[in-house]
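Heads up: the structure comes next, in structure tokens.
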């Protein structure tokens, strides 16, 4: 069954004949975007995951405002909140109280909620930027590779194979020190600016070939289509064909890939900072919070569950969003 | 005792009780007659993947020195095994018949071996074996990371660059130089060390790296995996990695008569490797079945409140000062101005650092490099009371720091903090950033992979480096010279007047007078703030219900391995 059948089921009208006709007319006049949008608006998964993500984005963007309203901040030490013997937070649930809604960190008394929100900012910044970099590089090289064919395609193909063959997590960790230093030498401010730039660059550089392969495949089939041939026969320049004729038809797969890639990078960022290749202290991050929780979680499980749960929510919400977008943009997908 | 077991990692530590000072009567030999049972197996649950080394010339961490010394490696002298600072660091003879005989000016020392000491194959341990073992300290490839006091003290000419002209027994270059510095008597029983300077405490020195190795055996680095035992146990099995273990069983050729020092009560010792710290401590806490005779050598911060607030662990937990002073070295090449260094010390929130390390479990506030449990060489320096011109509370005094900085004419000071990366050290770095910011000092944290930490900071140091140091034997001669003259000089101090005074104190034969000299030097070092001393560390551990005796052996800050037993 195709999309039309689904929409006709949805329309429960007293006079079917007229309505089906009207519906057909309406469908005939809609663009791909409009179709996708109308599908998305009826997709509950999409709506819920969007709302969750908007809330999370707002939390991250407004973190300084929220924390100052609550009277907490991620850096200041609170010696009152921890015990003199052992540095253990005073009170249950990691010292949760009015001043510290989600408790405080063992040994320093820093506020968990504030650190969580600031950690979210770093995580999302890295994940978004790396995804953008992947989209730009992947689309560019994918189009070039797919349209040119011949030796350029062969060369780019082998180059992508080479990058994909690299054990990139290992390389990220092994080279972090020296390459971060190199970035600093190039004029990027020392410390977190360099380290975050490094992570974004490495994630982007090792991530684009996946997207480039998808784009290349699409381009290979698109360039044989009539509208491209007619553009060629009308004498359109290659850049025009690439970016005005072919590119607009690629947005669907690119968008889908990006929404699925983002949560992966959120998780990868957490893994890297867990392994010590993240932001420098005192800046908080998910991974560092999780790493720190390991030694305490038998006593204070909330150390593990609070950042863990938020991480899971972010990743799952992005994944569901990506799925919904893919379903909506895919004309062949079966709709419920 | 010198190095931290885990590189730059400063184990977080425990409770308010002071040193265990039960006046238990250790007899002169160090091994008391006291109530141990013979038989059974004692087990150590270790999170490490192996012992760093079994080579008697390379072993240098307190715990390993204590354990291997108690089981397979005898030395000329050893420390009495008894509770208490003074009792636990009293020198007693081990292989030697007494604690050594110095010449009048202490430039040569002689030790005579007891009768009946043998290797595990039954052959006798001779003076030549002790000399051979000693000579291995000169093998630079082998002894890296081990103690090299033989190289420092023996009367062997050096090259222009300060390296010894003797290159060790495997290379053999300069063997005749070594043979004239270390001589054996006709009967191969008495060894004499000729030194290049007066060393009044050389009989303590010989506890480190002077253990015998069978002479004539070609013993390079591979010796570390299966050394020949001359103690009450021998190696039956040694496999490294997770699931691996070191099994020590009785050495039938060891004779009790030749060794009044070790009680050798259990039939065997087992070290299990690669056991997660949290798992190991849980097993010992439960103490069921075979774990009743097991022990862990450290506790994680999170389990300290559990172990020390619950009465069921009483009698099998230890909370004592360890050997280490925890400090931050200030690089004098990058921070040449004394006032700037003092400002850093004054601004630092030592209380927050202490809480982060475990609060009262972590230790006491330090006032210098020399730690009180060293004995007579410690005297309060008054660093935080008077030496900086005002009293500095543990939370730091940002105003005083600002004043010191303006006197030095420095503004917008930016420093980089090197540390071995762990979660706890990341938090410590955050405390440095926050507390120095109050005085307008910008701190940039520089985490370093902890296995490479000391390699990196000695090669390429920034302004501030976290570190820790414990004395090699109870004399400040193993603290002040290595930290501020040569050896472990992270601060890159190059103060000729100070070095001359240190040399004078090192060679002082009158022990009381020497102690007074150390007090003055320790105070001078504290005032010049070459290091910011933050903490005199404590150490906590837990043993199973059937392990005894339970106290901290002050000499090594370890279990009293030579006299331990398993009850049935």
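Some notes on this structure:
- In summary, residue A:202 fulfils each of the numbered conditions (1) buried (at least 17 other Cβ atoms within 10 Å of the Cβ); (2) within 30 Å of residue B:423 (Cα to Cα); (3) in contact (Cβ under 8 Å) with a residue 40 or more places away in the chain with the single exception of condition (3).
- Residue that is nearest to the other protein chains (Cβ to nearest Cβ) [pool: residues in the range A:101-111 that are farther than 19 Å from residue B:308 by Cα and assigned to a loop (DSSP other than H, G, I, E, B)]: A:108
- Taking the listed residues A:235, A:278, A:308, the one that is within 20 Å of the chain's Cα centre (by Cα) and free of Cβ contacts under 8 Å to residues at least 24 places away in the same chain is A:308, with no other qualifying.
- Taken over the range A:88-100, the residue count meeting the criterion of being surrounded by 15 or more Cβ atoms within 10 Å (Cβ to Cβ) and not in a loop (DSSP other than H, G, I, E, B) is 4.
- Among the residues of the range B:430-446, those identified as facing chain A (nearest Cβ under 7 Å) and crowded, with 22+ Cβ neighbours inside 10 Å are B:430, B:431, B:445.
- From the options A:68, A:76, residue that is within 30 Å of residue B:394 (Cβ to Cβ), within 14 Å of chain B (Cβ to nearest Cβ) and either free of Cβ contacts under 8 Å to residues at least 40 places away in the same chain or in a loop (DSSP other than H, G, I, E, B) (or both): A:76
- Restricting the range B:146-177 to residues that are closer than 27 Å to residue B:61 by Cβ and loosely packed, with under 13 Cβ neighbours inside 10 Å, the residue that is modelled with the highest pLDDT: B:163
- Number of residues in the range A:106-154 that are closer than 27 Å to residue A:65 by Cβ and in contact with a strand residue (DSSP E or B) (Cβ under 8 Å, 6 or more places away or on another chain) equals 5.
- The listed residues are B:418, B:377, and the only one of them that is within 26 Å of the chain's Cα centre (by Cα), farther than 30 Å from residue B:204 by Cβ and more than 10 Å from chain A (Cβ to nearest Cβ) turns out to be B:418.
- Note on the range B:533-567: residues that are surrounded by fewer than 24 Cβ atoms within 10 Å (Cβ to Cβ) and more than 26 Å from residue B:80 (Cα to Cα) amount to 1.
- Residues of the range B:338-355 satisfying the condition of being touching a strand residue (DSSP E or B) at 6+ places or on another chain (Cβ under 9 Å), in a helix (DSSP H, G or I) and within 14 Å of chain A (Cβ to nearest Cβ): B:350, B:353, B:354, B:355
- Meets criteria (under 30 Å from residue A:174 (Cα atoms), within 14 Å of chain B (Cβ to nearest Cβ) and surrounded by 22 or more Cβ atoms within 10 Å (Cβ to Cβ)) for residue A:276: no
- Among the conditions (1) in contact with a helix residue (DSSP H, G or I) (Cβ under 7 Å, 6 or more places away or on another chain); (2) within 9 Å of chain A (Cβ to nearest Cβ); (3) not in a strand (DSSP E or B), residue B:474 misses just one, which is (2).
- Answer from B:501, B:427 - the residue that is away from chain A (no Cβ under 14 Å) and either part of a helix (DSSP H, G or I) or surrounded by fewer than 21 Cβ atoms within 10 Å (Cβ to Cβ) (or both): B:501
- Verdict on residue B:468 being within 30 Å of residue B:208 (Cα to Cα) and away from chain A (no Cβ under 14 Å): yes
- Among the candidates A:114, A:127, A:85, residue that is crowded, with 20+ Cβ neighbours inside 10 Å and either within 14 Å of chain B (Cβ to nearest Cβ) or without any contact (Cβ under 8 Å) to a residue 60 or more places away in the chain (or both): A:114
- In the range A:180-197, the residues that are closer than 17 Å to residue A:272 by Cβ and either within 14 Å of another protein chain (Cβ to nearest Cβ) or not in a helix (DSSP H, G or I) (or both): A:180, A:191, A:192, A:193, A:194, A:195
- Here residue A:311 fulfils each of the conditions (1) modelled with pLDDT under 85; (2) more than 14 Å from chain B (Cβ to nearest Cβ) apart from (1).
The values are calculated or read from the model by the stated rules, or taken from the named source; none is laboratory data. Because the structure is predicted, anything quoted here is derived from the model rather than measured. Methodologically, a virtual Cβ is constructed for each residue, glycine included, from the backbone with ideal geometry; neighbour enumeration extends over all protein chains shown.
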